[in-house]
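Notes follow the structure.
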Amino acid sequence: MREELEPEDDTTRPAREKSAEVKPLAAGVLRRNDLDTWTKPGPSLYPHQWSWDSAFIALGLAHLDNRRAKRELETLFSSQWASGKVPHIVFNPEAPPQSYFPDAERWSSAALSSDAPSSPHTSGLCQPPVHAIAVLRIWETARGREERRIELARSFLRDSYPRLLAWHLYLATARDPEGSGLVTIYHPWESGMDNSPRWDETLEAVEIGDLPPYTRYDLKHVSDPSHRPSDEEYDLFLWLLELLKKARYDEATIYESHPFLIKDVFFSAILVAANEALLQIAAVVGAPEEERTLIEGWIERGRESLEERWDPDLRLCLDYDLRAEKSARVRTVAGFAPLIAGGLSEERLEDLLETLDSSSFAGNPRLCWPVPPSTSPEEAGFHPRSYWRGPTWPVAEWLLWYSLIRAGKPERAEKLRRVSLEQLARGGFAEYFEPFTGEPLGSPDQSWTAAVALDFLAVGSG
Ligand code: 2M8
């Protein structure tokens, strides 16, 4: 039977008391998933290093152990491709056999592309670039401490800066040959929101060819297969992967032939926020003026192009399918992209806040906690238990909280932070939550959930 959570029961206990319990529990999750130089996203479902998970993990670890936080990102960046791409998965050679699919062999990245490192193996895709934000957090947690610690953090920034710059340059060029300011993704896995209804129309048009057989291992790690993408979705994911392999992960070839080429507004907005962080890092390390000007240009271009993707009726920002030449008119949390990118006019900010608090998102009366579901409950493609089709995701809440602070809305940010922490204090560090009942779903003890809790606790007033 499903366990229903009743947040009302707990209102007598002060928030501060519950927060005090959350910190050691969150730290415990990160400790248990720690493999010394990097952290597993989840205890069994995700046995390898994932790119944006590690960025979130690093910003949580920054509040526990600065050195370990740095190591997390150094490990990830040591597998950066020659092109500047940071791979979405770095494979763990010690992972138990048949624990995750597609595995390193299925990707064959090093065999197909001379840009890919051969040891450890990596996937051929990338994920949203949260990394510069995490590097900046590491710096911020060291500042104001003893001189030695500050100097170590500064030296970490010096080492990280060129890698981050190469990563962002790759996204601004290979992933945006049009110079549009928006990043093109090649696969739903690159968005981080794998089975979001954002991709439904595009995927419907994809014809699956001769797909080599495979076995899914993810389903054995969750209590109910309906939490994860369906078999039909997996076939499409695997077929797109075959096409990318056929193109030998070559950007120009992919651009000519691939059926999934989407200007992803959420990914692009994170890049703008990450470029803001990179600009601050550039100042700390004394980067050349022309590089700072380049980064400023990326920020400006990114914001302008997101504004062009604004839908005045839905009052959200929409992805654009380059092949079909049309927008994906679906209300998902990704539509808040301009808030994440920042630099908004008062009017646009108000639009976004109204959408956020409307019944389409955090103001929906059926919600257990007033946090935005990954897909609006008013959408036809909404599903309350399926992965990115409706559940609430603490990492998405963190991104909105971080953005609200940057947008000069500290009170709204604080409300979101408190509710998000309450949700975690009641439901634990699940990968995602059923939005109407608060039931924890997916992988338990998910590292990035614990990491954002630590950041919420450290940066907020507790
Ligand atoms: C999920 O994605 C992986 C594929 O990359 C999967 O479902 O197997 C997504 O939630 C993604 O955003 C996340 O980085 C990854 C690991 O937590 O899991």
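The values are calculated or read from the model by the stated rules, or taken from the named source; none is laboratory data. All values reported here derive from a predicted model rather than from experimental measurement. Every residue, glycine as well, gets a Cβ built from its backbone with ideal geometry; the counts of neighbours run over all protein chains shown. With ligands, DNA and RNA removed, areas are computed over all heavy atoms of the protein, side chains included. Shrake-Rupley method; radii C 1.70, N 1.55, O 1.52, S 1.80 Å.
In straight-distance terms, cross-link reach from K70 covers every one of the lysines whose alpha-carbon lies under 26 Å from its own, apart from those fewer than eight places away in the same chain; here that gives K23, K40, K85. Amide H to amide H distances under 5 Å link K326 with D321, where only residues 5 or more positions off or on other chains count and H is placed in the peptide plane.
With a ≥ b ≥ c the root eigenvalues of the C-alpha gyration tensor of the range 27-185, is it rounded (a/c under 1.5), prolate (a/b larger than b/c) or oblate? Oblate, since a/c reaches 1.5 and b/c is not below a/b. Once C-alpha pairs closer than 8 Å and six or more residues apart are averaged by separation and normalised to the residue number of the range 24-91, the relative contact order reads 29 percent.
When H63, H48 are compared by accessible area at a 1.4 angstrom probe, the order from most to least is H63, H48. How big, in percent, is the set of alpha carbon pairs in the range 368-426 lying more than 15 Å apart? Cα-Cα pairs in the range 368-426 separated by more than 15 Å: 50 percent. If you sort the three axes of the alpha carbon gyration tensor as a ≥ b ≥ c, you get a/c of 1.5 or more for the range 152-304 and a/b above b/c, which makes it prolate.
Residues whose amide H falls under 5 Å from that of N92, counting only those 5 or more places apart or on a different chain, are Q49, with hydrogens built in the peptide plane. Here the Karplus curve 6.51 cos²θ - 1.76 cosθ + 1.60, taken at θ = phi - 60°, turns the phi angles of the range 387-394 into couplings of 6, 8, 9, x, x, 8, 10, x Hz, with x standing for Gly and Pro. Sort the range 197-250 into rounded, prolate or oblate with this rule: let a ≥ b ≥ c be the square roots of the eigenvalues of the Cα gyration tensor; rounded if a/c is under 1.5, and if a/c is not under 1.5, prolate when a/b is larger than b/c, oblate otherwise. Oblate shape, in that a/c is at least 1.5 and b/c is the bigger or equal ratio. In order along the range 41-47, the phi-based Karplus estimate (6.51 cos²θ - 1.76 cosθ + 1.60, θ = phi - 60°) of 3J(HN,Hα) comes to x, x, x, 10, 5, 10, x Hz; Gly and Pro are listed as x. Convex hull of alpha carbon positions in the range 218-306: directionally averaged projected area 9.4 nm². Here the Karplus relation 6.51 cos²θ - 1.76 cosθ + 1.60, evaluated at θ = phi - 60°, turns the backbone of the range 72-89 into coupling constants of 3, 6, 4, 4, 4, 6, 6, 9, 4, 6, 4, 6, x, 5, 9, x, 6, 10 Hz, with x for every Gly and Pro.
Extension gain, E291-A111: 0.36 nm per intervening residue step, less the Cα-Cα distance, totals 61.4 nm. Placing +1 on each Lys and Arg Cβ and -1 on each Asp and Glu Cβ, with no other charges, gives the chain a dipole about its Cα centre of roughly 1480 debye. Scanning residues 5 or more positions from Y432 or on other chains, those with amide H under 5 Å from its amide H are L441, S443, with H placed 1.01 Å from N in the peptide plane. Taking the radius of gyration and the Kirkwood hydrodynamic radius from Cα positions alone, what is the Rg/Rh ratio for the chain, to two decimal places? For the chain, the value is 0.93. Restricting the range 162-237 to GluC sites (Glu not before Pro) that sit in a DSSP loop and have at most 14 other Cβ atoms within 10 Å of their own Cβ leaves E178, E207. For the Cα trace of the range 173-228, dividing Rg by the Kirkwood Rh returns an Rg/Rh value of 1.06. Nearest 0.05, what FRET efficiency do A252 and A205 give at R0 = 35 Å with Cβ-Cβ as r? Efficiency, from the Cβ-Cβ distance: 0.95.
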